[in-house]
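Enquirer: Handing you this structure, nothing more for now.
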């Protein structure tokens, strides 16, 4: 981990301490950031830049490689965000005890976050939201309350890692119908519900934090793969 931190610190030199990454609702700002050192903040900014680069790669000829890169970055963010992880987990559990799981089951992702996820996924901003799979959403909320966002990020990272092989295999298939057949679009549909709930909850509790941006990256990555193989 220390070696990774040094690598990322070195790669942030060109960003400058006042750098802002992203656009629209995806702007990385210091608002809401948990007590991070200047160096830690630069690492978080660089991680976000590389996540956006991986998301763009999901739409290119090396999409499988981009999926593996995104998985690695999500794991690194999960390892570095222990403070936010504990805070978000405690807030989720307290809210469920006080108001019940329906509080989160009925909570939608902010429209600006949805629009930004579409933008990062390379989809039109007027792409409608898919129908909500409430069973998948409820399961995602249970998992998040039980394990915390760090563990859930690692699970999503595993999903992208597993997807990378299928993405690579299908990238060369010309006929759209054949491309769809080898990708489990039902599983991706459930992941859309889960990742949307994950982003809505994490960004609602801890906006402008690495956990929030990673959750949005998971949603954007799922949308990118869904758009390429299931639309």
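Enquirer: Take the residues in the stretch 186-200 that are touching a helix residue (DSSP H, G or I) at 6+ places or on another chain (Cβ under 8 Å) and under 21 Å from residue 68 (Cβ atoms), then tell me which one is surrounded by the fewest Cβ atoms within 10 Å (Cβ to Cβ).
Expert: Looking at the filtered set, the residue picked out is 188.
Enquirer: For the stretch 96-108, does any single residue satisfy the condition of being within 21 Å of residue 157 (Cβ to Cβ) and out of contact with any strand residue (DSSP E or B) (no Cβ under 9 Å at 6 or more places or on another chain)?
Expert: No, because not a single residue in the stretch 96-108 is within 21 Å of residue 157 (Cβ to Cβ) and out of contact with any strand residue (DSSP E or B) (no Cβ under 9 Å at 6 or more places or on another chain).
Enquirer: Sticking with this one: For the condition within 29 Å of residue 161 (Cα to Cα), surrounded by fewer than 19 Cβ atoms within 10 Å (Cβ to Cβ), within 17 Å of the chain's Cα centre (by Cα) and modelled with pLDDT under 85, what is the one hit in 23, 83?
Expert: Only one candidate qualifies: 23.
Enquirer: Against the definition (modelled with pLDDT of 50 or more, surrounded by 13 or more Cβ atoms within 10 Å (Cβ to Cβ) and closer than 30 Å to residue 136 by Cα), how does residue 59 come out, yes or no?
Expert: Yes.
Enquirer: Oh, and also: Which residues, taken from the stretch 201-217, are surrounded by fewer than 23 Cβ atoms within 10 Å (Cβ to Cβ) and under 15 Å from residue 106 (Cα atoms)?
Expert: 204
Enquirer: Select from the stretch 92-113 the residues that are part of a helix (DSSP H, G or I) and surrounded by 15 or more Cβ atoms within 10 Å (Cβ to Cβ) and list them in ascending order.
Expert: Those that are part of a helix (DSSP H, G or I) and surrounded by 15 or more Cβ atoms within 10 Å (Cβ to Cβ): 92, 95, 96, 104, 113.
Enquirer: Just one of (1) assigned to a helix (DSSP H, G or I); (2) in contact with a helix residue (DSSP H, G or I) (Cβ under 6 Å, 6 or more places away or on another chain); (3) within 14 Å of residue 202 (Cα to Cα) trips up residue 86, so point out which.
Expert: The single condition residue 86 does not satisfy is (2).
Enquirer: I want to confirm something. Restricting to the stretch 156-183 and keeping residues that are within 24 Å of residue 78 (Cβ to Cβ) and loosely packed, with under 15 Cβ neighbours inside 10 Å, which single residue is modelled with the highest pLDDT?
Expert: Here the residue is 158.
Enquirer: For the stretch 114-146, what are the residues that are surrounded by fewer than 15 Cβ atoms within 10 Å (Cβ to Cβ) and under 16 Å from residue 89 (Cβ atoms)?
Expert: Listed by number, the residues that qualify are 142, 146.
Enquirer: Can residue 220 be described as buried (at least 19 other Cβ atoms within 10 Å of the Cβ), closer than 23 Å to residue 91 by Cα and at pLDDT 90 or above?
Expert: So residue 220 does not fit the description; no.
The values are calculated or read from the model by the stated rules, or taken from the named source; none is laboratory data. Note that the structure is a prediction, hence the values are computed from the model and not measured. Here Cβ is always computed from backbone atoms with ideal geometry, including for glycine, and neighbour counts include all displayed protein chains.
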